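Step one of this worksheet: look at the structure below.
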């Protein structure tokens with residue numbers, strides 16, 4: 001039997017510490033070895049217990065979680081999962097924490113109801129397991145020099161004819177930032193599923209928008225998929241593509257779990273393969289598990305171009321690995337180079353019939 005994953009919980013609220021510990025108490029491979037009310041108590045417990053993963057609150061007295069996270073990166077670089085409230089300021093802080101080295105984050109529990117605790121426990125256990133296999137990744141430079149982005153116009157293709165669908169999980173917030181920092185303004189419309197708790201995707205989309213030449217927003221039911229726009233699926237809601245009046249639109253609303261995720265990449269990919277087929281580009285990025293692998297295979301079988309993130313650039317080489325193993329991936333590259341690969345593949349496949357005139 002493998003050794004249990006040792007977890008330390010750091011949060012100034014005794015109620016939250018208790019709820020977090022209780023939520024993962026049924027996971028046979030995880031054990032909570034300590035609880036701390038602040039980073040100073042945590043420092044002593046770290047030395048004593050040597051945890052494998054730390055769950056860290058963002059807002060605490062004496063020292064905030066982000067400051068403590070940065071100290072941990074230097075003195076005890078253990079995987080950290082941030083625990084954040086869903087207020088706008090807290091969600092931005094959670095995203096900054098991931099940029100600073102945290103593996104992932106969870107939404108702070110708001111109730112102790114049995115169903116809520118069970119769902120939190122499943123999600124948290126999944127993230128804890130992912131954290132133990134996560135690796136530190138340094139940015140890999142794109143194949144083109146900084147500031148030079150291949151455009152659809154220069155490649156002779158009409159971006160309005162195509163759709164790019166992306167699925168990602170653990171490590172995906174930074175991978176998507178790299179990808180969208182390297183897209184041209186005339187890139188085809190992009191639909192994104194990033195595994196993320198409800199209440200965080202609006203802040204995430206706004207943050208991506210700051211880095212991209214595309215306009216990036218949180219998806220709203222009925223959004224029209226147009227070139228130069230990217231849409232992030234709302235946390236806690238499934239998203240797929242539908243055709244209305246000859247135009248492709250996003251449809252949201254259902255809350256069922258698929259592959260234990262909501263939103264799920266497979267839900268998006270399945271709809272894109274059905275409606276867009278060979279004029280789609282499917283991309284699967286870093287993440288734990290297998291969500292998106294079967295959907296990406298369906299896309300490839302429908303004639304779409306499919307791209308998987310390279311192992312060396314993944315925080316967790318899980319979803320892309322499964323997709324590659326089942327034959328779903330045509331091209332392998334870094335997130336920063338996905339736009340160039342997509343444009344080159346589209347040009348090779350369609351430029352003759354879809355030249356911009």
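Only the coordinates and a few stated rules stand behind these numbers; no lab work does. Computed from a predicted model, the values in this text were never measured in an experiment. Virtual Cβ from ideal backbone geometry, glycine too; neighbours counted across all protein chains shown.
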> Which condition breaks for residue 9 when tested against (1) crowded, with 16+ Cβ neighbours inside 10 Å; (2) out of contact with any helix residue (DSSP H, G or I) (no Cβ under 8 Å at 6 or more places or on another chain)?
Replying inline: (2)
>> Condition first: crowded, with 18+ Cβ neighbours inside 10 Å and assigned to a loop (DSSP other than H, G, I, E, B). Now tell me which residues in segment 230-255 satisfy that.
In response: 233, 234, 235, 238
>> Just the residues that are surrounded by 20 or more Cβ atoms within 10 Å (Cβ to Cβ) and in a helix (DSSP H, G or I), please, taken from segment 21-51.
In response: 23, 39, 42, 46
>> Looking at 289, 295 in this structure, which one is buried (at least 24 other Cβ atoms within 10 Å of the Cβ), in contact with a strand residue (DSSP E or B) (Cβ under 9 Å, 6 or more places away or on another chain) and either outside any loop (DSSP other than H, G, I, E, B) or touching a residue at least 60 places away in the same chain (Cβ under 8 Å) (or both)?
In response: 295
> Is there a residue in segment 208-229 that is in a helix (DSSP H, G or I), without any contact (Cβ under 8 Å) to a residue 40 or more places away in the chain and surrounded by 22 or more Cβ atoms within 10 Å (Cβ to Cβ)?
Replying inline: yes
>> When you check residue 103 against the structure, is it farther than 21 Å from residue 12 by Cβ, buried (at least 23 other Cβ atoms within 10 Å of the Cβ) and in contact with a helix residue (DSSP H, G or I) (Cβ under 8 Å, 6 or more places away or on another chain), yes or no?
In response: yes
